[in-house]
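Single-structure report; data block below.
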Amino acid sequence: MANTKKTTISKKVTAPNENPFADFSKSVWQHSLLTDFDIALFISGKHFRLYEKMGAHLLTINKTAGTYFAVWAPNAQQVAVMGGFNSWDRESHQLYKRWDASGIWEGFIPFVGKGEVYKYYIKGFDGSDLEKGDPYALRWEHPPQKASIVWDTDYTWKDKAWLTKRPKLNALDQPISVYELHLGSWQRDPSNPERVLSYGEIANTLVPYILEMGFTHVELMPIMEYPYYPSWGYQITGYFAASSRHGAPQDLMYLIEELHKNNIAVILDWVPSHFPGDANGLFNFDGTHLYEHADMRKGFHPDWKSYIFNYDRNEVRSFLISNAMFWLDQFHADGLRVDAVASMLYFDFSRTAEEAGTNEFGGSENLGAITFLKDLNEAIYGMYEGVHTIAEESSTFDGVTRPVYVGGLGFGMKWMMGWMNDTLKYFKNDPINRKFHHHQLTFSMTYAFTENFMLPFSHDEVVHGKSSMIYKMPGDEWQKFANLRTLYAYMFTHPGTKLLFMGNEFAQTNEWNFTESLSWDLLQHAPHKGMQQLVKALNHLYRKEPALYKYNFSYEGFEWINADDADNSVFIYSRKSDKAKDTLVIVLNLTPVFRENFRIGVPKGKWKEIFNTDAVEFYGSGKLNVDTFAAENISFNNQQQSIQINVAPLGVSIFKKGV
């Protein structure tokens, strides 16, 4: 996008008999940060830095300090700023509607400074009296209060070293292991469990924990301001504001900076799919369906009782893409996980055909949303080196991670929802029955390289009666933990990047509860401590072995050795890098049967077990392979050579060539 230089014009407008120097505090100066070029970009859907011009901006004009306000409300009859500075008067500080076709109202109010609380009073198109928060506000009041706050994003960043090496460390051929967390329930104040921790307090404990556990990334569930706490942040009103529940915007910047200083990348959950019908938010903003589609077959989400953005509207696309850029630019985020993409792509998502709208060709695809997502990804990848967008997308839409220039949507990665569902279904089976469901683990390899997939065990899998990860597993206590250890080892050795929700790493027993801290006290018990040690070891193994990440998304990095041993419920495959010496052979035993002198086919060479989920330190039974195995000239599993090993019950063994 071309440079939008801040050209300003300013004019003090008064009534005919008004003394222009009488009382600046009750005046609004006609002033603009927006150039004609800004307006042209905005109305064409191509302005991607609107946060520099819209909203509330602290300025000094003619040696007078104050705040410039700009808001899009094209159908409003009147717009005024009301707040603590004018005793919430709806009339005293009216904004001026621009002469052009932009529909923007603006003005400079002297003496309104940082920290002032405000809303827009809007006389709607239909004559309604509306009080709205600022869509571009940089800070909002702590819920349940809902007004906006004049603020800035001034911060002296100290993460240049990270940003310099980010393109290399955050590349798609590098290890990407994501720890997903909800800031309000990861940890809480031990002396007052009702109090959520500040961004700074979280930084003090989260950063060393992530370092110890070996995760490469954290993903923060939505931290944009939202009024309804049980929405977990997915019903946003303040798209440009860090949630005040944890502190000021600069406090979030500090948290991100501390992660960066320790080479930990930060992904933010981002929700351009829908927004709540909150009276202070975007819904019915100027008395019309401004941000949402006016046709409720396209503009209302029946599952979430929320409103869907009108992606056909250029100004809405400018708003959303500017918002994505804002978090990458002002908060140095390293990626955005885009929520509910499937619901954006199809009008008939979660609707019957009779309830759904159609596009102009009669189809179910939301063509405006497709254009928006392509524009979004082209803009992000074109302007920021070393960042990624990740689609939470559950449909069969073709080319989600294919570049836009060859017809794709342009995302960097996509959640592999099919793999997650098939894998959990398989593991829920009693081991005696798994031979009848063998294909549920082999099927993923038929499509594993059609997209750049991320393997997710997210928050969605441990809520709403789905049970915790440990209680999805069958068997007695030992078998449950052995199954879960095997599940995680399978994830870390399967092609694709990884994501694990907080608490899963130590086998939280309860479903996730957003109102309380994780059950950290479980770590005093050996099975849970062992599980945490396993995940830590898997992360470090994943980062150490190029075969596990070099070809994250390519068939060159994977080969089945035996995909057909359903009777034993054993799976054997190899992972490869571009160097033969890095080759790994992985053996999964999905029954509680200990198999001695079990022959497996391997490439030529010597093989050493470098990892076993049955290790005592992981709360296993300790049935390991301690010897080095020289491959024998006995063909097996379509390999020219083979070795005989011991296979731990409900365990995963990883062998490396030439150790």
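The values are calculated or read from the model by the stated rules, or taken from the named source; none is laboratory data. Remember, it's a predicted structure, so these values are computed and weren't measured experimentally. Cβ atoms come from the backbone with ideal geometry, glycine included; neighbour counts cover every protein chain shown.
Of all residues in region 187-197, which are of a type outside the set (Asp, Glu) and more than 20 Å from the chain's Cα centre (by Cα)?
The answer is Arg188, Pro190, Ser191, Asn192, Pro193, Arg195, Val196, Leu197.
Looking only at region 508-518, decide whether some residue is surrounded by fewer than 24 Cβ atoms within 10 Å (Cβ to Cβ) and not in a loop (DSSP other than H, G, I, E, B).
No, the conditions are met nowhere in region 508-518.
Do you know which of the residues in region 157-171 that are in contact with a strand residue (DSSP E or B) (Cβ under 9 Å, 6 or more places away or on another chain) and more than 19 Å from Met253 (Cα to Cα) is surrounded by the most Cβ atoms within 10 Å (Cβ to Cβ)?
Asn170
Give Thr591, Thr628 a once-over and let me know the one that is among the β-branched types (Val, Ile, Thr) and either in contact with a Phe, Trp or Tyr (Cβ under 9 Å, 6 or more places away or on another chain) or free of Cβ contacts under 8 Å to residues at least 40 places away in the same chain (or both).
Thr628
Considering region 98-144 alone, what residues qualify as being crowded, with 18+ Cβ neighbours inside 10 Å, of a type outside the set (A, V, I, L, M, F, W, C) and in a strand (DSSP E or B)?
Glu106, Gly107, Pro110, Tyr118, Lys119, Tyr120, Tyr121, Lys123, Lys132, Arg139
Using the structure shown, decide if Gly281 is out of contact with any Leu (no Cβ under 7 Å at 6 or more places or on another chain) and part of a loop (DSSP other than H, G, I, E, B).
Taking the combined requirement at face value, the residue satisfies it.
Taking Asp521 as the residue in question, decide whether it is more than 24 Å from Val463 (Cβ to Cβ) and of a type in the set (D, E, K, R).
When the stated conditions are applied, Asp521 does not pass them.
Output the residues belonging to region 208-264 that are over 16 Å from the mean Cα position of the chain (by Cα) and among the acidic types (Asp, Glu).
Scanning region 208-264 gives Glu212, Asp251, Glu257, Glu258.
Against the definition (closer than 30 Å to Thr164 by Cβ, within 20 Å of the chain's Cα centre (by Cα), surrounded by fewer than 16 Cβ atoms within 10 Å (Cβ to Cβ) and aliphatic (A, V, I, L, M)), how does Met383 come out, yes or no?
When the stated conditions are applied, Met383 passes them.
Return only the number of the condition from (1) touching a strand residue (DSSP E or B) at 6+ places or on another chain (Cβ under 6 Å); (2) crowded, with 23+ Cβ neighbours inside 10 Å that Leu484 does not satisfy.
(1)
Any idea how many residues of region 580-601 are outside any strand (DSSP E or B) and either over 17 Å from Ala566 (Cα atoms) or under 40 Å from the mean Cα position of the chain (by Cα) (or both)?
Adding up the residues that qualify gives 8.
Per-residue answers, yes or no, for (1) surrounded by 21 or more Cβ atoms within 10 Å (Cβ to Cβ); (2) under 16 Å from Phe501 (Cα atoms); (3) of a type outside the set (A, V, I, L, M):
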{"position": "Asn429", "(1), (2), (3)": "no, no, yes"}
{"position": "Lys435", "(1), (2), (3)": "no, no, yes"}
{"position": "His439", "(1), (2), (3)": "no, no, yes"}
{"position": "Met445", "(1), (2), (3)": "no, no, no"}
{"position": "Phe453", "(1), (2), (3)": "yes, no, yes"}
{"position": "Glu461", "(1), (2), (3)": "no, yes, yes"}
{"position": "Gly465", "(1), (2), (3)": "no, no, yes"}
{"position": "Ser468", "(1), (2), (3)": "no, yes, yes"}
{"position": "Lys472", "(1), (2), (3)": "no, yes, yes"}
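So which of Asp295, Asp329, Asp278 is in contact with a Ser or Thr (Cβ under 7 Å, 6 or more places away or on another chain) and surrounded by fewer than 20 Cβ atoms within 10 Å (Cβ to Cβ)?
Matching residue, one of Asp295, Asp329, Asp278: Asp278.
Listed residues Glu212, Glu194, Glu225; which is among the charged types (D, E, K, R), modelled with pLDDT of 95 or more and farther than 18 Å from Ile267 by Cα?
Answer to the selection: Glu212.
Of everything in region 520-540, what is surrounded by fewer than 17 Cβ atoms within 10 Å (Cβ to Cβ) and more than 26 Å from Ile176 (Cα to Cα)? Give them in sequence order.
Hits for region 520-540 are Asp521, Gln524, His525, Ala526.
Taking Arg337 and the conditions (1) of a type in the set (Lys, Arg); (2) modelled with pLDDT under 95; (3) closer than 24 Å to Pro230 by Cβ, which numbered condition does it fall short on, given that it satisfies the others?
(2)
For Gly214, are the conditions met, namely being under 29 Å from Leu541 (Cβ atoms), small (Gly, Ala, Ser) and in the same structural domain as Phe492 (by TED's automatic domain parsing)?
When the stated conditions are applied, Gly214 passes them.
Among the residues of region 284-334, which ones are farther than 26 Å from Met416 by Cα, modelled with pLDDT under 95 and of a type in the set (Phe, Trp, Tyr)?
Passing the criteria: only Phe300.
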